[in-house]
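Asks: So that we are looking at the same thing, I have put the structure below in structure tokens.
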Amino acid sequence: MLHDEQNEAIIDRLYEAATIPEKWGGRGVLETLAHLCDCTDGAIMSVRDHTLAGWTANENAFPKLVVYLRDNWLAKNPYVQSAERLRRFSQPRFVLDTEVMSAREMEESHYYQNFMRPYGMYWHAGTNIMSPNGDTVKFSVHRSFDAGPLDPSLVDRLTWLRPHIARACTLTARLRFAQLHAAVEVLKSVGLPSAALRDGRLVLANSLFEELVPDVAKDRRSRLTFQQASADKRWASILDKPVAFRNGTFPIASTDECPMIIVHVLPVAGAGRDIFPVADSLMIFASSETSQKIAPEILLSLFDFTPAEVSITNSILSGASLEEIARARRVSIDTVRVQLKSIFAKTGTHRQTELVKLLGGVASASNIIDRVPSDDRRSH
């Protein structure tokens, strides 16, 4: 067994990664776990219904996983295709590949001979952990064919650490859930019904949003739907976008019982990078009476903006041109443009008009946009 000091150091790193997910990949925790059993590669994949939800890997494995996902090797994985093999990897320990597939089966496997062996990930040990959000989180460490099968006694080190790995996963999911809960409650405090969603399905909502279910929207198993066909069609088109770009604004026409509602859909900050995703979208309802109350500061708090990005966005919403912003901040216009590109990336927008529409709600953006010189609009 590992020395106490080594144990404590690794456990500390696990719980640090739970609060700072970037610490799993690169030269972080996965690298340490791989090296514990003389492996070169370490990876995490979060899977729901045989579909990848999130992932990361250590520095050596990262480019290999990019190819793995690009060429859809997950669908060809013999462990995923077999319920019995999945069951074996769901034991409360790290399981060796040789416990689940024979050496001959590996030699005859298209998956092993065309991906695992050429990319130096042939021999491995792994475990499945159920996340609180319903995903199956797959941890694995790998090494090349030439290095030979893993030593079971070394893999026992990972099994000893497995309870801490599982708790770190749980902590990450719960912290993310708490952040989302705080966001929808802040919006409730200014009278805005809001909810967090994942793949269109409701994850959590404030009480103001719940009051509009099922008359305005319905919480279905497949996804949240809207009673009005035109609104539901627009919502479906937003869900067709990649996770990081799921944003948009659309109306729900007024009825005798309910005034017109404007629906704002925002990508949750960092959702595209989440290893253990909880939600990918935030939905905010604003009536014609409350839409003017959507303070940019409230929306900006959802996007992980830097102070400089907050300042630039507020200036754009106030009608300033990029030249005016650069002069006021005493920086070059190129610096402002770089920061603006970061703002676009975080909000899932591509140009200033989209940014103003997203953050400005139904308030007229035409006067703001008209004041931005045309050459700035073309450049972005």
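The values are calculated or read from the model by the stated rules, or taken from the named source; none is laboratory data. As the structure is a prediction and not an experimental result, all values here were calculated from the model. For neighbour counting, all protein chains shown are included, and Cβ atoms are generated from backbone atoms with ideal geometry for every residue, glycine included. Accessible surface areas use protein heavy atoms only, side chains included; no ligands, DNA or RNA. Shrake-Rupley method; radii C 1.70, N 1.55, O 1.52, S 1.80 Å.
Asks: For E107, state whether it is modelled with pLDDT under 90 and open to solvent by 30 Å² or more (accessible area, probe 1.4 Å).
Replies: Details: modelled with pLDDT under 90: no; open to solvent by 30 Å² or more (accessible area, probe 1.4 Å): yes.
Here the answer is no, as E107 does not meet what is asked.
Asks: For the range 321-330, what are the residues that are surrounded by 15 or more Cβ atoms within 10 Å (Cβ to Cβ) and either within 32 Å of the chain's Cα centre (by Cα) or free of Cβ contacts under 8 Å to residues at least 12 places away in the same chain (or both)?
Replies: Once the filter is applied, which keeps residues that are surrounded by 15 or more Cβ atoms within 10 Å (Cβ to Cβ) and either within 32 Å of the chain's Cα centre (by Cα) or free of Cβ contacts under 8 Å to residues at least 12 places away in the same chain (or both), the range 321-330 yields L322, E324, I325, A326.
Asks: May I pose another question? Give the number of residues within the range 37-50 that are over 14 Å from the mean Cα position of the chain (by Cα), surrounded by fewer than 24 Cβ atoms within 10 Å (Cβ to Cβ) and under 16 Å from T136 (Cβ atoms).
Replies: Within the range 37-50, residues that are over 14 Å from the mean Cα position of the chain (by Cα), surrounded by fewer than 24 Cβ atoms within 10 Å (Cβ to Cβ) and under 16 Å from T136 (Cβ atoms) number 2.
Asks: Right, something else. Which of the following residues is surrounded by 12 or more Cβ atoms within 10 Å (Cβ to Cβ), without any contact (Cβ under 8 Å) to a residue 24 or more places away in the chain and not aliphatic (A, V, I, L, M): D240, D199, D219?
Replies: The match here is D219.
Asks: Among S222, S237, which is farther than 25 Å from E354 by Cβ, at pLDDT 90 or above and within 20 Å of the chain's Cα centre (by Cα)?
Replies: Result: S222 is the single residue among S222, S237 that is farther than 25 Å from E354 by Cβ, at pLDDT 90 or above and within 20 Å of the chain's Cα centre (by Cα).
Asks: Okay, moving on. Of all residues in the range 93-104, count the ones that are in contact with a Ser or Thr (Cβ under 8 Å, 6 or more places away or on another chain) and open to solvent by 60 Å² or more (accessible area, probe 1.4 Å).
Replies: Summing the residues that are in contact with a Ser or Thr (Cβ under 8 Å, 6 or more places away or on another chain) and open to solvent by 60 Å² or more (accessible area, probe 1.4 Å) in the range 93-104 gives 1.
Asks: Looking for something part of a strand (DSSP E or B) and either touching a Ser or Thr at 6+ places or on another chain (Cβ under 8 Å) or crowded, with 18+ Cβ neighbours inside 10 Å (or both) - is there at least one such residue anywhere in the range 142-157? Full working, then the answer.
Replies: First, pick out the residues of the range 142-157 that are part of a strand (DSSP E or B): 142-143.
Within this subset, residues satisfying the condition of being either touching a Ser or Thr at 6+ places or on another chain (Cβ under 8 Å) or crowded, with 18+ Cβ neighbours inside 10 Å (or both) are 142-143.
Scanning the range 142-157, I find at least one residue that is part of a strand (DSSP E or B) and either touching a Ser or Thr at 6+ places or on another chain (Cβ under 8 Å) or crowded, with 18+ Cβ neighbours inside 10 Å (or both), so the answer is yes.
Asks: Give the range 176-191 a look and list any residue that's touching a residue at least 60 places away in the same chain (Cβ under 8 Å) and either buried (at least 23 other Cβ atoms within 10 Å of the Cβ) or part of a helix (DSSP H, G or I) (or both), or say none.
Replies: Across the range 176-191, the qualifying residues are R176, F177, L180, A183, V184, V186, L187.
Asks: Assess whether S207 counts as being open to solvent by less than 50 Å² (accessible area, probe 1.4 Å) and of a type in the set (S, T, Y).
Replies: Details: open to solvent by less than 50 Å² (accessible area, probe 1.4 Å): yes; of a type in the set (S, T, Y): yes.
Taking the combined requirement at face value, the residue satisfies it.
Asks: Still on this structure, I have one more. If you go through the range 293-307 one residue at a time, do you hit one that is surrounded by fewer than 18 Cβ atoms within 10 Å (Cβ to Cβ), in a loop (DSSP other than H, G, I, E, B), at pLDDT 85 or above and not charged (D, E, K, R)?
Replies: no
Asks: While we're on this one: Hey, among A173, A168, which residue is open to solvent by less than 20 Å² (accessible area, probe 1.4 Å) and either over 23 Å from A195 (Cβ atoms) or modelled with pLDDT of 95 or more (or both)?
Replies: Working: A173 fails: either over 23 Å from A195 (Cβ atoms) or modelled with pLDDT of 95 or more (or both).
Of A173, A168, the one residue that is open to solvent by less than 20 Å² (accessible area, probe 1.4 Å) and either over 23 Å from A195 (Cβ atoms) or modelled with pLDDT of 95 or more (or both) is A168.
Asks: Further, regarding this structure: What about V137, is it open to solvent by less than 20 Å² (accessible area, probe 1.4 Å), in contact (Cβ under 8 Å) with a residue 24 or more places away in the chain and under 19 Å from A57 (Cα atoms)?
Replies: yes
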